[in-house]
Structures are given as structure tokens and as C-alpha cells.
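Visitor: First, the structure itself, so that you have it in front of you.
The values are calculated or read from the model by the stated rules, or taken from the named source; none is laboratory data. A quick note: this is a predicted structure, and the numbers were derived from the prediction, not measured. We place every Cβ from the backbone using ideal geometry, glycine too, and count neighbours over all the protein chains shown. Quick note on the areas: whole protein, heavy atoms, side chains included, nothing else; ligands and nucleic acids left out. Shrake-Rupley method; radii C 1.70, N 1.55, O 1.52, S 1.80 Å.
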Amino acid sequence: MKTVHLMGIGGSAMACLAGMFKEIGWNVQGTDGKIYPPASTTLERLGIKVFEGYDAKNLHPKPDLVVVGNVISRPNLEAQELLKSDIPYVSMPQALEKYFLQGHRRVVISGTHGKTTTTSLMTWILDYCGRKPGYFVGGVPLNFGQGFRVGAGNEFVLEGDEYDTAFWEKTPKFLHYGAQHVVMTSVEFDHADIYRDLDHVIEQFEKLVAIIPSDGSLVACGESALVKKISSKYSKVKYYGFAKEHDFNAQNLRNTGKGMVFDIYRKSEFVKSIEAPLMGKHNVLNVVACLCMGENLGLPLDQMIEAITKFKGVKKRQERIGEVNDVVVYEDFAHHPTAIAETIEAFVPMARARGGKLWALFEPRSNTVRRKVFQDVLPKSFMKADEIVMANVFKKADSLSSDEMLDPQDVVNQLKADGKSARYLETQEIIPTLMSLVQKGDVVLFMSNGDFQNNPRKLIAQLEA
């Protein structure tokens, strides 16, 4: 039995990779700092040994292979020990390509927004249609209960992250998968810690389009002029969106407060009505993207639509945490201004139907939103919420100065100037404040790309007390 050691095993993608190595019979171990759900629960469930804290001794006895996560920098103690040794090492994308993607049709879901939901839904559709796909996603699809599977079928579906690969390889992960079929949902500026500006991000997506083979396919969101410009460099691109000029499009949208009802068209030709258990226009686009790609992969439309109605969603994407005393609590991964605005808009019909307020709470936690990059844009993202709470910027061990860091109080001041009810609260103040203000019928939406200090579950516990 070979042993693989994963440095940075606590990342959601690395924990999934650990599970895949376990699935093919390797002995798996790894290191990280403190690990949080869902990665921690995945690793515990699989019985994978985790060393807390990086140390040279963790590479003794020598493993057969080391996978180095992109959180690891060259000065890391374990990285230094690795570089001095003769142990073979690869990045996470290289490990995927070498050990799991060979012989599969690679379906890569890319874009600034919607990757996790679209990857999960595309996988579920393929599975429902009997294709038994492998998949790798940075979240937990609730239909499967975990973010990975080696798969027994021809297709392998991957969430195509544009973040960089490893300390020695600064190109995006999605360039290492040998993508044959690509969905491009959106392209906006993000990852301000590694990309200079929007043009730098665009370059990466242009490289992705350039590697799609002639017998592959590209499905792109026609609602974005930028996506259309990038994707037009591939000769056989299909577009999806809301305009009837697109190859697949959605018409007559209605948010039920529990999902979206809409009509599917092929250009101007009506195909079928559908009720998808996902809220918001952005999720309608995710559904239509999967239908378009599914047709490219030869899936029957009626079966795809049936699969969509049975999709359970993804953990931390519009995830219902609980309801107590007619107050319902949700959490979502939204951490970019566009995603925040779309997520809030998706929940407005629910709050109106319940006769309560929509509370939008946001934790600035990602490497981009912790910076002042979106300082002046963020207030506009919250305009459709009734009550807005900005939490303190999540503390990380980096060198961001106060001049570089987002000022949540300034965001609140801008919102108040626009007539919105907004407040800045330190993390420990959030639950007591909510307990004194929330009322029956209210919808409380927590948004963060982390666990938001477990506040969604703390609120439910307090409401139950």
C-alpha cells in the first residue's frame, strides 16, 4: 500500500483529494493548521490521519508521494524538508490529472460565480441519467453527501478554479485538467491577492478556451459581454441565458420562495416548463448551463429536467440551517459583490411571503473582499435587504495594513446615507443583537466563505433556548 501525504489537507478541495486517494486504496495522511467543516468532518469520517501544525518530522518515515496545496509557501517548514528530500511531489491539480482523470471525458465548470452549484448539478444530472460520473467539487452536493467520487463512467466533472496551483506553479488550476468540455458562467475581477486587475483574470480564461480541443465543446453565458468576447475564440461555442437568441434560454421566470419556475427554450422554440428547487435568477442560469452542456454530452432532455427537480442543492449554498419561532436561518457562500446581490435578491420573495424582514449579515473573509478593492461597490450589493449587518474583517496571518483593508464601518455609513438600516457589529455582538431585534416571519441570511464563527447555528441554539 502506497502512502500519500497532503500538505494543506484542510482545504475543501484537498480534503476531497484525500478521500479520492483513500477510495483507490492508498494510505492517506496530511498536515494543516486548525481544520473546519466540511473538510474536518470529511477527514474524520474517512479516518484519515492529520498532523496539526507543519513540521519536518511529518515527512518521516518518507511517504511515496506528497501533494502540496496552494496554501503552502516555499518557506513552510515541511516544504523546505520536502525540497531537500528525494520524495516525489505534485500540486493538487497535477495529482488529479495523473491519478484520476486519465481515460475520462473531462467536463470543467469555470467562472467567477456559480461553479460549485453548477458542478454539483451537472454531476447529479449525469448520475441520474445513468452515466456514473467521477466528480471533484469544492463543496458538498447534498445528493451525494461528499465533494468527490472516482466514478465508474466515462465523464469526470470538475469545478474549474481560477486560483493558482502551487508555490512553484502560479497558473490557474483549471489549466491542468486537460479540459475537453467547458462551461464558463461568468468572468469578473476576483482573487486580488494573486491577480493584478481584470485584464489579468481575462488572460487566464482565454488560456482555458485555447486548450479546448476541436472535438470538445464550450458552453458560455451569453448574458455577459465579457464572457461572449472570451468564448467567441472557440468556433463551436453555445450560449445560454435569458435572451431568445441564445442556444438555450429561460423565459417567464417566477421565484416561488422555494425555487424557480420557468420555461426552457431552444432559441425561439419552446421546449418545456420546469420547476427547479433553487432560488434566484443566477441559479436559473446555472440550470440552463447544465441543460446546454448535457445536450452536448448526449443526455436526454426529459431525463435531465426530471433530475433537476430532484436536485437537493449544495451545503452552504442557500442552505437552510433551521427555523425556530417562525424565524428561519440560512447561510450562503456569497463573498463577491455580484454574488451577494444575487443571493439577497433570491431571498426577497421568501421574506415577503412570510411577512417579515430579510436580514443580510456579511463577514468579509475572502482574500479579495478583505481588501478595499470593493469598498465603494459593496454597499450597492445590499440594497434589497431590509436589515444589513457588516461583521468585522476576518483576521488572517497576512501582512495587510489598515490602509489596504476593507473598512466595514465605511460600508455601513454609505448604506445609511442611502437610507438603509445597517449596522457594524463585532462577531461577539451579532447573536445578542439579533436576539433582541429579529421578529416572527424574518429571514436571517448569513454570508461568508467560511463558517462565520458558527453564528448561524449559534443563533438557532439561542432561539431554541
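Visitor: Write down Rg/Rh for the stretch 158-286, rounded to two decimals, with Rg from the C-alpha atoms and Rh from the Kirkwood relation over Cα pairs. Present the calculation step by step, with values, prior to reporting the outcome.
Guide: On the way: Rg = 16.3 Å, Rh = 16.0 Å.
Reported Rg/Rh, Kirkwood definition of Rh: 1.02.
Visitor: Using only Cα positions of the stretch 317-465, each an equal point scatterer, no hydration layer, compute I(q)/I(0) via Debye at q = 0.19 Å⁻¹ and quote the log10 values to two decimals.
Guide: Relative scattering, expressed as log10 I(q)/I(0), comes to -1.14.
Visitor: Follow-up. Could you go through the stretch 44-60 in sequence order and give the Karplus-derived ³J(HN,Hα) for each residue, using 6.51 cos²θ - 1.76 cosθ + 1.60 with θ = phi - 60°, rounded to whole Hz, and x for Gly and Pro?
Guide: Per residue, the Karplus-derived 3J(HN,Hα) values read 5, 4, 7, x, 8, 6, 10, 8, 8, x, 7, 7, 4, 5, 5, 9, 10 Hz.
Visitor: How big is the gap, in Å, between the Cα center of the stretch 436-465 and the Cα center of the stretch 230-246?
Guide: Centre-to-centre distance over Cα atoms comes out at 40 Å.
Visitor: Next question, about the same structure. Protein chains only, probe 1.4 Å: how do Cys129, Cys292 rank by accessible area, largest first?
Guide: Of Cys129, Cys292, the descending order of accessible area is Cys129, Cys292.
Visitor: Find the lysine pairs in the stretch 265-338 meeting two conditions, Cα atoms under 23 Å apart and a separation of 8 or more places or different chains, and report how many there are.
Guide: 8
Visitor: Can you pull the percent of Cα pairs in the stretch 63-220 with separation above 20 Å?
Guide: 52 percent
Visitor: Also, I was wondering about something else. On the full set of protein chains, 1.4 Å probe, figure out the accessible area of His60 and give it in Å² to the nearest 10.
Guide: Roll a 1.4 Å probe over it and His60 shows about 100 Å².
Visitor: Give me the extension gain from Lys310 to Lys49: residue separation times 0.36 nm, minus the current Cα-Cα distance, reported in nm with one decimal.
Guide: Extending this stretch completely gives an extra 90.4 nm.
Visitor: List the relative contact order of the stretch 255-339 as a percent without decimals, with contacts defined as Cα pairs under 8 Å and 6+ residues apart.
Guide: Values: 92 pairs, mean separation 16.2, N = 85.
Relative contact order, the stretch 255-339: 19 percent.
Visitor: Among the lysines, select those whose C-alpha is under 22 Å from the C-alpha of Lys207, and discard any that sit fewer than 8 residues away in the same chain.
Guide: Once the sequence-local lysines are set aside, what remains near Lys207 is Lys98, Lys115, Lys170, Lys173, Lys228, Lys229, Lys233, Lys236, Lys238.
Visitor: Further, regarding this structure: Sort Phe242, Phe446 from largest to smallest accessible area, using a 1.4 Å probe on the heavy atoms of the protein chains.
Guide: Reading off the accessible areas and sorting them downward yields Phe242, Phe446.
Visitor: Which of the chymotrypsin sites (Phe, Trp or Tyr not before Pro) found in the stretch 131-175 are loop residues per DSSP with 11 or fewer other Cβ atoms within 10 Å of their Cβ?
Guide: Trp168
Visitor: Is there a quick way to get the dipole size of the chain? I mean about its Cα centre, with the Cβ of Lys and Arg at +1 and of Asp and Glu at -1; what is the value in debye to the nearest 20?
Guide: Around 780 debye, computed over the chain.
Visitor: Right, another one. With contacts defined as alpha carbon pairs under 8 Å and 6 or more residues apart, what's the relative contact order of the chain in percent?
Guide: On the way: 1002 pairs, mean separation 51.2, N = 465.
It comes to 11 percent, rounded to a whole number.
Visitor: On to the next question. With every protein chain kept in the model, how would you rank Ser268, Ser91 by accessible area, 1.4 Å probe, largest at the top?
Guide: Result, largest first: Ser268, Ser91.
Visitor: How about the stretch 20-62: which trypsin sites (Lys or Arg not before Pro) there lie in a loop by DSSP and see at most 11 other Cβ atoms within 10 Å?
Guide: Here the trypsin sites (Lys or Arg not before Pro) that fit, given the DSSP loop and packing criteria, are Lys34.
Visitor: Moving to a separate point now. Thinking of the chain as a set of Cα atoms, what percent of all their pairs are more than 27 Å apart?
Guide: Tail of the P(r) past 27 Å holds 56 percent of the pairs.
Visitor: Additional query: Using a 1.4 Å probe, how large is the accessible area of Leu175, given in Å² and rounded to the nearest 10?
Guide: Solvent-accessible area, nearest 10 Å²: 40 Å².
Visitor: Straight-line reach only, C-alpha to C-alpha below 20 angstrom: list the aspartates and glutamates that Lys132 could link to, leaving out same-chain residues fewer than 8 apart.
Guide: By straight Cα distance, Lys132 reaches Glu23, Glu97, Glu155, Glu159, Glu295, Asp302, Glu306.
Visitor: Right, another one. Specify whether the C-alpha gyration tensor of the stretch 55-95 places it in the rounded, prolate or oblate class, a ≥ b ≥ c being the square roots of the eigenvalues: rounded for a/c under 1.5, otherwise prolate if a/b is larger than b/c and oblate if not.
Guide: oblate
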